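Novice: Quick one: the structure is below, and I'll ask about it shortly.
The values are calculated or read from the model by the stated rules, or taken from the named source; none is laboratory data. What you see is a predicted model, and the numbers here were worked out from it, not measured in a lab. Neighbour counts are summed over all protein chains in view; Cβ atoms, including those assigned to glycine, are modelled from backbone coordinates with ideal geometry.
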Amino acid sequence: MKQIGYYRGGIDVAIGGVAPYADRLLRALDQHHFTGMQVTVIGRKEACQDVGFPKHLVKSNGLIRKLMFHASDSLYHLTHPKAGLKIGPYRRWLSRIHCDMRYDLLHFPFQVPPRATFRCPFIVTMHDVQELRFPEFFSPQERMQRAELYWGAISQASRVVVSFDHVKEDLLKYFRLPDARVVVIPVPYSQCIFADSTNTESAELSTKYRDLGRYFLYPAQTWRHKNHLGLIDAFERVCLRSAEPLRLVCTGVKNEFYQEIEERIDRSAVRDFIHFLGVVPQVDLKWLYRNSLSVVVPSLYEAGSFPLIEAMQLEVPVLCASTTSLPATIGDNRFVFDPRDSEQMASLMSKMASDQEYRQQGIYNSKMRMETLRQIKVGPLVEELWRTTLERPETS
């Protein structure tokens, strides 16, 4: 029986989409029947319980047979590029855990694993190398830390997982990795779902958000590359040509760049119609998705967009940027715009608000795209990855 360690850690949405990816991938794996493998989930007890562990994962097929918790802060946080390099005792901790558990393989669904000397092959997941595409969005220190941490991870990993071909192309180009070391495994689309809402919750949320009226929605942390400023420019143009009041609603973590966004909103003639709600509960987010005119994703760079996928899962129309993985995910260029062209973005937003047939086409596209994407099963792909890595763990 091969022992596989799946490192969930203790990260949350403050890091972005990495935590939802880790949880959704694990749920997808739990629905696949593995032969001759036992998987241990490694992570903080609080983080695991927040996403339904262990109740959800100990099911009839018995994939997840063990859960091992540690009481410390997440090892991932301690090696994240913005967290410094305070790693001393944790290297000893992980080495001790490895000796005790005798893993044959470790799988990290993150870009930076804990800094330790592993005695078994391991896999890392590179979600993006955005700093190489948009260095102006990062400070020199951030670029230096990313270069050190990312190269330290991928140079030692037996395999590197990416979700999209464009990320693999970047790794081959910028890091000169052998093609066989980088494996494309799609996002677990079938797991990008929300829990059902009760009638009481729906009624309460209708009351809570009754003043929003008709609105566009953008759920995203306020990183610069998410292009909130471009979206605000486009929304102003939409308001100028609209005969009815419309609103822009943004959710997600407000990080250090939010101050610049807030200053831009204060200068806007439609500032009273722009709402940044911060992080909202999942039940609220689901309601906001379903009752929006459209979700708009104007990002300048996306390794993969959970807001796009979640909106389509709920059969909500989406408009998205023509960048990286977004056009291939949405699958219809009628709903794609140049994120640096505010007029083009505004034109599609106005059309979504005023043309009911166009909006219905967007709803239909979301429904049909998700029917296709849900057919992608990542469990067999991960099993093949694990088996080939166990057979050929070399990193050269």
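Novice: Which one of GLY362, GLY331 is on the phi > 0 side of the Ramachandran plot, surrounded by 15 or more Cβ atoms within 10 Å (Cβ to Cβ), in the same structural domain as ASP284 (by TED's automatic domain parsing) and small (Gly, Ala, Ser)?
Specialist: GLY331
Novice: Let me ask something else. Working only within region 170-220, note down all residues that are among the charged types (D, E, K, R), part of a loop (DSSP other than H, G, I, E, B) and within 30 Å of ALA147 (Cα to Cα).
Specialist: ARG176
Novice: For region 338-353, name all the residues that are surrounded by 15 or more Cβ atoms within 10 Å (Cβ to Cβ) and touching a residue at least 24 places away in the same chain (Cβ under 8 Å).
Specialist: PRO339, SER342, MET345, ALA346, LEU348, MET349, SER350, MET352, ALA353
Novice: Now for a separate question. Could you grab me the full set of residues in region 322-348 that are hydrophobic (A, V, I, L, M, F, W, C) and more than 24 Å from the chain's Cα centre (by Cα)?
Specialist: Hits for region 322-348 are ALA346, LEU348.
So that you can scan it fast, the table gives a plain yes or no per residue for (1) within 27 Å of SER322 (Cβ to Cβ); (2) among the hydrophobic types (A, V, I, L, M, F, W, C):
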site: PRO178; (1), (2): no, no
site: ARG181; (1), (2): no, no
site: ILE185; (1), (2): yes, yes
site: ALA195; (1), (2): no, yes
site: HIS225; (1), (2): yes, no
site: PHE257; (1), (2): yes, yes
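Novice: Here's another thing I want to ask about it. Identify all residues within region 105-130 that are buried (at least 22 other Cβ atoms within 10 Å of the Cβ) and not in a loop (DSSP other than H, G, I, E, B); write none if there are none.
Specialist: LEU105, LEU106, HIS107, PHE108, PHE122, ILE123, VAL124, THR125
Novice: Out of LEU308, LEU319, I need the residue that is in contact with a Leu (Cβ under 7 Å, 6 or more places away or on another chain) and either part of a helix (DSSP H, G or I) or not hydrophobic (A, V, I, L, M, F, W, C) (or both). Which one?
Specialist: Of LEU308, LEU319, the one residue that is in contact with a Leu (Cβ under 7 Å, 6 or more places away or on another chain) and either part of a helix (DSSP H, G or I) or not hydrophobic (A, V, I, L, M, F, W, C) (or both) is LEU308.
Novice: Restricting to region 315-324, count the residues that are surrounded by fewer than 21 Cβ atoms within 10 Å (Cβ to Cβ) and either assigned by TED's automatic domain parsing to the domain that holds PRO20 or not charged (D, E, K, R) (or both).
Specialist: 1
Novice: Report yes if SER163 is among the hydroxyl-bearing types (Ser, Thr, Tyr) and under 18 Å from the mean Cα position of the chain (by Cα), otherwise no.
Specialist: So SER163 fits the description; yes.
Novice: Going by what's in this entry, would VAL184 be described as touching a helix residue (DSSP H, G or I) at 6+ places or on another chain (Cβ under 8 Å) and free of Cβ contacts under 8 Å to residues at least 60 places away in the same chain?
Specialist: Considered against the rule, which asks whether it is touching a helix residue (DSSP H, G or I) at 6+ places or on another chain (Cβ under 8 Å) and free of Cβ contacts under 8 Å to residues at least 60 places away in the same chain, VAL184 comes out as yes.
Residues are listed down the side, and each one gets a yes or a no for (1) out of contact with any His (no Cβ under 6 Å at 6 or more places or on another chain); (2) assigned to a helix (DSSP H, G or I); (3) closer than 28 Å to VAL184 by Cα:
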site	(1), (2), (3)
ARG340	yes, no, no
GLU343	yes, yes, no
SER347	yes, yes, no
GLN375	yes, no, yes
THR389	yes, yes, yes
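Novice: Which residues, taken from region 321-333, are at pLDDT 95 or above and touching a Phe, Trp or Tyr at 6+ places or on another chain (Cβ under 8 Å)?
Specialist: ALA321, SER322
Novice: Quick one: which residue in PHE257, PHE306 is more than 18 Å from the chain's Cα centre (by Cα), under 24 Å from MET126 (Cβ atoms) and modelled with pLDDT under 95?
Specialist: That would be PHE257, the only listed residue that is more than 18 Å from the chain's Cα centre (by Cα), under 24 Å from MET126 (Cβ atoms) and modelled with pLDDT under 95.
Novice: Restricting attention to region 1-43, and to residues there that are within 17 Å of the chain's Cα centre (by Cα) and acidic (Asp, Glu), which single residue is modelled with the highest pLDDT?
Specialist: Out of the qualifying residues, it is ASP23.
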